[in-house]
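S.K.: There's a structure below that I have some questions on.
The values are calculated or read from the model by the stated rules, or taken from the named source; none is laboratory data. Since this is a predicted model, take the numbers as computed values, not measurements. So basically every Cβ, Gly included, is an ideal-geometry build from the backbone, and we count neighbours across all protein chains shown. Only protein heavy atoms, including side chains, enter the accessible area calculation; ligands, DNA and RNA are left aside. Shrake-Rupley method; radii C 1.70, N 1.55, O 1.52, S 1.80 Å.
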Amino acid sequence: MYSFGATLFPVNLPVWSLFFELWVNLIYALAAPFCGRRTLGAAMCASLVWLLAVSWPPGLSQLGVIETQFWGGFPRAGFSFLAGLTIFLLGRDGRLPRLRVPLAGLLVGLAIILGVSWVQWIGVIYFELVCILVLFPALVILGIDATLGPQTATLAKHLGALSYPIYVTHYPLLDMMERIFLRLTPLPLGPVALAASLAIIVAVNWLMLKLLDEPLRRWLGGLLAPSKSTSAPQSSAG
């Protein structure tokens, strides 16, 4: 899809989104103390206009990914961030409809969005815009009050913790596993090799999560936490 030399992060392609997400989060952290709800809404509208301007007609898929579309990564990440933040604030304030949709319904909806070839019917740019403007926000809103059983909630918690490290490392790990299997056998890689690769990727990332990510987060959290005074104030005798 992309030429090797044209991508901003050729070794690990998905890092492009993390790069722009870090910048968007940093900008928001610096600006949040001075911004109200109206400013947030204006920023979201401005990022949408910018996104439409740079994505029409080529589409969103290359924004922020290739060198010539570097600046398009900011509205691509910025609009989604601000839309998600708006949904969070509205939900926190009780201004969203409370629709308790079963998890199975949300999964079926996501499968329909991703599994059906909508592009051939409505075109790439229209499908992408419908997803980011309507479908994905709707799934997030419906998922806020989704009903989960105890076991499903535990599984979802573990999968959520694994989702970030897997996203960060899946691209180079899949490439590595493909090269290993091609050296082991000249046959085309089938579902068995893919399943083995996915199992190895999950295992590696679980170890990284438990041995590196979570301990590092706890350490940094301890450094950034406000210091607590252990000594009680002394009273002077008169």
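S.K.: So what are the three principal axis dimensions of the chain from its Cα atoms, in whole Å, longest to shortest?
M.R.: Here the spans come out as 90, 45, 42 Å, largest first.
S.K.: With every atom except the alpha carbons ignored, what do you get for Rg and Dmax of the stretch 46-180, in angstroms?
M.R.: Considering the stretch 46-180 through its Cα atoms, Rg and Dmax are 17.4, 52 Å.
S.K.: Which net charge results when you count Lys and Arg as +1 and Asp and Glu as -1 among the other residues whose beta-carbon is under 14 Å from that of residue 7? Working shown, then result.
M.R.: Working: positive: none; negative: 67, 175.
Net charge around residue 7: -2.
S.K.: While we're looking at this one, here's another question. Just name one of 118, 30, 91: the one whose Cα is farthest towards the positive end of the charge dipole of the chain (beta-carbon charges, Lys/Arg +1, Asp/Glu -1).
M.R.: About the Cα centre, the residue reaching furthest to the positive side is 91.
S.K.: I've got another one for you. Length gain on complete extension for the stretch residue 71 to residue 208, per 0.36 nm per residue less the alpha carbon to alpha carbon distance?
M.R.: Values: separation 137, 0.36 × 137 = 49.32 nm, distance 3.21 nm.
Difference between extended and current length: 46.1 nm.
S.K.: Is the shape of the stretch 17-60 rounded, prolate or oblate, going by the alpha carbon gyration tensor and its root eigenvalues a ≥ b ≥ c, with a/c under 1.5 for rounded and a/b larger than b/c for prolate? Numbers along the way, then the final one.
M.R.: Values: a/c = 4.61, a/b = 1.46, b/c = 3.16.
Judged from the Cα gyration tensor, the stretch 17-60 comes out oblate (a/c at least 1.5, b/c at or above a/b).
S.K.: Tell me, what is the 1.4 Å probe accessible area of residue 175, in Å² to the nearest 10?
M.R.: Approximately 70 Å² of residue 175 is accessible to the 1.4 Å probe.
S.K.: With a 1.4 Å probe and every protein chain left in place, tell me how much accessible area residue 164 has, in Å² to the nearest 10.
M.R.: Its heavy atoms expose roughly 120 Å² to the probe.
S.K.: Per residue, how many Å² of accessible area does the chain show with a 1.4 Å probe?
M.R.: Values: 16370 Å² over 238 residues.
Result: 69 Å² of accessible area for each residue.
S.K.: Can I ask one more? Would you be so kind as to identify which of 136, 64, 74 lies farthest towards the positive end of the dipole of the chain, taking Lys and Arg as +1 and Asp and Glu as -1 on Cβ and the Cα centre as origin?
M.R.: About the Cα centre, the residue reaching furthest to the positive side is 136.
S.K.: In the chain, carbon and sulfur make up what percent of the accessible area (probe 1.4 Å)? Mind dumping the intermediate values first?
M.R.: Values: 11580 of 16370 Å².
Ligands and nucleic acids excluded, carbon and sulfur reach 71 percent.
S.K.: Place +1 on the Cβ of every Lys and Arg and -1 on the Cβ of every Asp and Glu in the stretch 150-226, take the dipole about the Cα centre, and give the residue among 170, 212, 191 whose Cα lies farthest towards its positive end.
M.R.: Going by the charge dipole, the pick is 212.
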